[in-house]
């Protein structure tokens with residue numbers, strides 16, 4: 001069986017030889033043109049004059065387009081049709097595309113784009129959460145509210161209470177391959193688009209609207225992305241549409257890629273949040289009532305902000321039973337980039353809110369933060385006897401009414417505390433801190449419970465197309481996209497296992513809207529869950545046809561035909577899979593099939609906040625140790641121990657890669673990655689020179705990562721679990737460890753905002769030491 | 001603008017090209033010579049995705065002009081494998097699953113090879129800091145460091 005084994009990434013050999021092709025590496029047809037946008041330098045205003053003659057006169061420029069030149073739809077929004085490709089008279093953020101330059105080279109287009117004379121009557125922009133609240137500038141009619149019980153009364157009646165405010169920064173995806181697309185005109189007005197996108201169907205849809213053709217006139221192909229992380233779910237629309245429109249107009253192939261600075265200035269990022277909280281609890285640390293108000297800065301267009309903000313609400317409980325809870329969510333419209341999907345899709349922000357509460361409560365009680373968390377955990381799933389349930393009653397209901405039936409964290413926490421030597425290290429850190437004042441150490445523990453499924457229920461479907469050729473080789477296609485996560489290999493392992501053949505016999509092919517239609521984005525960690533099942537269905541259809549044919553020929557029961565280790569056994573006969581395929585072909589058996597899958601059990605009402613949005617939950621927990629130089633705020637992760645639940649992993653090597661990379665990316669979000677906008681709304685951190693993602697030197701000195709030995713309690717593909725997003729939130733433990741180290745500098749609660757840059761850590765230490 | 005004629009050596013082979021005086025070595029490699037292994041991650045020398053060596057010295061090819069290649073020896077990821085067989089670093093990156101999306105991989109391999117040529121027995125800390133100029137957004141770096149350490153050990157044994 002190919003599944004459950006650590007095969008390398010499917011393109012590993014291409015990657016190490018530099019021969020894997022990304023969009024910008026694809027040889028382009030002779031005469032290809034290159035595109036660049038002219039951008040707004042003003043956050044909010046009306047365009048009063050636009051002189052593009054200098055742009056048109058620049059060397060190499062073939063055409064310059066404004067909104068008026070677009071033949072059909074001027075819209076690249078994935079949701080509310082509120083995002084024009086090119087500005088229509090008004091501008092809404094610094095970096096908004098106003099016009100499109102088509103030129104003979106990438107640099108000619110970019111140089112020319114700087115030459116326009118644009119006059120904008122500026123208005124006062126709405127940039128901050130406070131400004132947006134004051135102006136009532138928001139998406140949806142008012143705040144969303146999910147609640148159970150009477151949180152206010154429970155807090156009032158509780159013996160103890162904490163409250164506070166947390167500022168939580170956004171995050172740039174920093175996929176190392178910037179956004180890119182290539183459109184090649186076909187005969188009869190058709191268009192072929194190659195796009196670095198997580199959502200080829202969406203690209204097809206938006207390009208078709210822009211060209212005024214049915215979706216069947218547009219084919220989109222995506223072989224791989226150089227990283228996505230949610231940033232290529234909707235943000236590639238603009239480039240693909242621009243290329244297609246320009247290609248239609250000029251009759252020549254058109255390519256567009258954003259330079260890094262343009263990419264960071266134009267595209268959306270993770271939503272930054274402010275979260276205020278009040279929590280009532282008893283002397284044993286049991287939460288009685290919790291209230292959150294979440295303020296999400298969504299930027300200028302709606303994009304995916306509503307489901308992102310919903311998911312933040314749906315993860316405001318994280319791993320804890322909240323008997324009385326109220327979550328209020330404000331989705332604020334501001335004159336900044338349109339915040340978009342980013343790994344975790346709001347879940348991380350919601351989770352940081354409750355982890356702050358836990359940190360604050362533990363500090364208030366002087367209780368061990370791990371013990372406090374365990375007491376408030378949901379009940380263990382049936383069959384988990386590792387820890388007795390402390391709640392005394394059914395503590396398994398989420399605030400939105402879904403029962404937590406698969407809770408793994410009691411056993412996982414036990415195991416991690418044991419393997420990481422928590423008790424001894426806690427004592428060692430406390431002893432160190434008692435003796436040292438310059439360098440303080442801290443330990444942070446974070447559990448993760450992450451809901452798996454698209455909350456928009458109809459997206460939970462997938463299709464596949466599988467061919468078996470007469471030589472026994474297999475052609476595999478499905479709607480998922482490869483962005484480095486190893487999806488293609490995991491799904492190929494499924495196909496190889498269904499046919500009982502070696503992995504080398506399965507050819508992985510680019511995602512292609514002409515092969516599998518109407519796909520969902522590769523997002524919500526759903527890639528292998530959905531596409532693995534769809535491919536399984538397609539393979540099983542072909543296998544059953546082959547088995548029925550061979551059973552008749554060899555006079556045995558269909559159920560007795562076996563496909564194993566590259567061979568097929570039928571009655572007394574034994575043959576290679578290739579021979580079986582050849583015989584089936586000659587016997588006029590169809591060796592091609594589609595496959596389809598839809599996730600069972602999910603049903604969700606996002607307005608009422610009730611139902612079962614998730615098929616199951618994925619779990620993880622992490623313990624991080626840091627050292628902080630109290631004189632400068634500089635800090636370092638000394639050690640991270642992680643235990644993560646990938647169910648029965650389809651490929652442990654790839655899954656551990658997701659866990660390690662997710663943790664580091666999550667820790668980066670909450671520590672060094674700071675986005676800074678100035679008072680004019682300009683993003684001042686628009687390149688790696690000023691925006692600090694973790695580097696090799698930031699890797700924890702000791703990094704122990706293991707997968708939890710379990711399997712999905714729901715029937716997923718080979719009982720595996722989704723693993724793309726959940727480990728991202730393990731990085732919260734790094735932020736909690738910094739909070740712990742800072743807390744050792746005084747008596748007050750540090751109330752550390754995020755990202756906890758060295759500067760913020762230093763400030764927090766100052767507040768504690770000054771007793772402010 | 002008139003173009004400059006440049007004669008150089010790339011991965012051991014002589015090469016000639018015409019380029020704009022403003023054109024970077026990265027653009028020359030990718031757009032004129034069809035060597036797309038070096039990638040543009042930032043264009044400002046901060047991410048390392050375009051790493052190549054120039055007379056054995058590790059550089060960001062986005063910060064070098066194509067014209068500067070005159071008379072020099074350039075090595076890119078395409079030249080790391082001696083033939084059909086992979087270089088030990090390449091093999092170890094596959095074995096250790098030290099790549100995900102793969103777009104930083106060519107630059108990291110070029111950088112790691114340059115390190116091992118200077119220092120065949122680096123400490124883990126030396127590897128971490130040598131590679132600190134090569135950003136990877138996917139892996140979290142752990143497997144990359146393990147792969148480099150393992151390849152170094154194997155190369156020392158073979159030497």
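A short reminder: the numbers here are calculations on the coordinates, not readings from a lab. Note that the structure is a prediction, hence the values are computed from the model and not measured. Glycine also receives a Cβ, built like all others from the backbone with ideal geometry; neighbour counts cover every protein chain displayed.
Rg (Å, one decimal) plus Dmax (Å, integer) for the alpha carbons of the protein assembly as shown?
Radius of gyration, then largest Cα-Cα span, for the protein assembly as shown: 27.8, 88 Å.
To the nearest Å, what is the center-to-center distance of region B:118-159 and region B:1-22, using C-alpha atoms only?
Measuring centre to centre over Cα atoms gives 32 Å.
Which whole number gives the average, over all residues in A:505-512, of C-beta atoms from other chains lying within 10 Å of the residue C-beta?
Going residue by residue through A:505-512 and averaging, the value is 0.
Can you tell me the FRET efficiency between residue A:541 and residue B:13 if r is taken as the Cβ-Cβ distance and R0 is 45 Å, rounded to the nearest 0.05?
Efficiency, from the Cβ-Cβ distance: 0.35.
Quantify how strongly other chains surround peptide A:174-184 by giving the mean number of their Cβ atoms within 10 Å of each of its Cβ atoms.
Counting Cβ atoms of other protein chains within 10 Å of each residue's Cβ and averaging gives 4.
For region A:96-158 and region B:36-72, what is the separation of their C-alpha centers, rounded to whole Å?
About 37 Å separates the Cα centre of region A:96-158 from the one of region B:36-72.
Against the longest alpha carbon principal axis of chain B, how many degrees, from 0 to 90 and to the nearest 10, is the axis of helix B:142-158 turned?
90 degrees
With the contact rule set at Cα under 8 Å and sequence spacing of 6 or more, what percent relative contact order holds for chain A?
Relative contact order for chain A comes out at 15 percent.
Order these by the 10 Å Cβ neighbour count, fewest first: A:475, A:363.
Ascending Cβ contact count within 10 Å gives the list A:475, A:363.
Per the helix-only calculation at 222 nm, which mean residue ellipticity applies to the protein assembly as shown, given -39500 (n - 2.57) for every DSSP H run of n ≥ 4 and division by its residues, nearest 500 deg cm²/dmol?
That calculation yields -9000 deg cm²/dmol at 222 nm.
Tell me, in nm to one decimal, what length is gained between residue A:215 and residue A:5 on full extension, where the rule is 0.36 nm per residue of separation less the Cα-Cα distance?
My answer for the length gained is 71.7 nm.
Going by a ≥ b ≥ c, the root eigenvalues of the Cα gyration tensor, does region A:598-662 fall in the rounded group (a/c under 1.5), the prolate group (a/b larger than b/c) or the oblate group?
Oblate is the answer for region A:598-662, as a/c is 1.5 or above yet b/c matches or exceeds a/b.
Grab the beta carbon distance between residue A:588 and residue B:158, set R0 = 60 Å, and tell me the FRET efficiency rounded to 0.05.
The pair residue A:588/residue B:158 has a calculated efficiency of 0.60.
Could you give the length gained on full extension between residue A:394 and residue A:560, defined as 0.36 nm per residue of separation minus the Cα-Cα distance, in nm?
55.1 nm
With a point put 7 Å past each Cα toward its Cβ, work out how far residue B:3 is from residue B:118 in nm, to one decimal.
Placing both labels 7 Å along Cα→Cβ, they lie 3.5 nm apart.
For residue A:405 paired with residue A:473, estimate the spin-label separation in nm (one decimal), with each label point 7 Å from Cα along the Cα-to-Cβ line.
Taking the two extended label points, one gets 4.4 nm.
Using only the Cα atoms of region A:708-761, build the gyration tensor, take square roots of its eigenvalues as a ≥ b ≥ c, and label the shape rounded, prolate or oblate: rounded if a/c is under 1.5, else prolate if a/b is larger than b/c, else oblate.
Because a/c hits 1.5 or more and a/b exceeds b/c, region A:708-761 counts as prolate.
PRE reach from residue A:437 (point 7 Å along Cα→Cβ): which of region A:613-628 fall under 19 Å by backbone N?
A:628
Determine the shielding of peptide B:37-45 by partner chains: average, over its residues, the number of Cβ atoms on other chains within 10 angstrom of each Cβ.
Shielding by partners across B:37-45 averages 6.
If you rank B:8, A:336, B:76 by fewest surrounding Cβ atoms within 10 Å, what's the result?
B:8, B:76, A:336
Using the eigenvalues of the Cα gyration tensor, what equivalent ellipsoid semi-axes result for chain B when each is taken as the square root of five times the eigenvalue, whole Å, largest first?
Listed largest to smallest, the semi-axes of chain B are 28, 16, 13 Å.
So how much slack lies between residue A:68 and residue A:48, counting 0.36 nm per residue of separation and subtracting their Cα-Cα distance, in nm?
Residue separation times 0.36 nm, minus the Cα-Cα distance, leaves 5.7 nm.
Could you work out the relative contact order of region B:88-158? I mean the mean sequence separation of Cα pairs under 8 Å and 6+ apart, divided by the number of residues, in percent.
This gives 51 percent for region B:88-158.
Quick one: work out the % antiparallel among DSSP beta bridges in chain A, nearest 5.
The answer is about 80 percent antiparallel.
Could you pull out which residues in region A:653-690 have an amide N less than 15 Å from a spot 7 Å beyond the Cα of residue B:44, following the Cα-Cβ vector?
Only A:674-678, A:682-690 fall inside the zone, counting backbone N under 15 Å.
Arrange A:528, A:40 by Cβ neighbour counts within 10 Å, fewest through most, would you?
By the 10 Å Cβ count, ascending, the order reads A:40, A:528.
By how many degrees, 0 to 90 and rounded to 10, does the Cα axis of helix B:105-118 deviate from the longest principal axis of chain B?
So the inclination is approximately 80 degrees.
How many nm is it between the label spots at residue A:690 and residue A:503, if each spot is 7 Å from the Cα in line with the beta carbon?
Distance between label points: 4.4 nm.
So for region A:417-477, averaging the separation of alpha carbon pairs under 8 Å that are six or more residues apart and normalising by length, what relative contact order in percent results?
Worked out over region A:417-477, it gives 15 percent.
Whole angstrom only: what separates the Cα centroid of region A:565-608 from the Cα centroid of region A:348-363?
The distance from the Cα centre of region A:565-608 to that of region A:348-363 comes to 47 Å.
Can you work out the FRET efficiency for the pair residue A:676 and residue A:124, with r the C-beta to C-beta distance and R0 = 22 Å, to the nearest 0.05?
E between residue A:676 and residue A:124, to the nearest 0.05, is 0.65.
With a cut-off of 12 Å, note down the residues of region A:441-469 whose backbone N falls inside the zone around a label point 7 Å from the Cα of residue A:596 toward its beta carbon.
Of the residues in region A:441-469, A:461-464 have backbone N under 12 Å from the label point off residue A:596.
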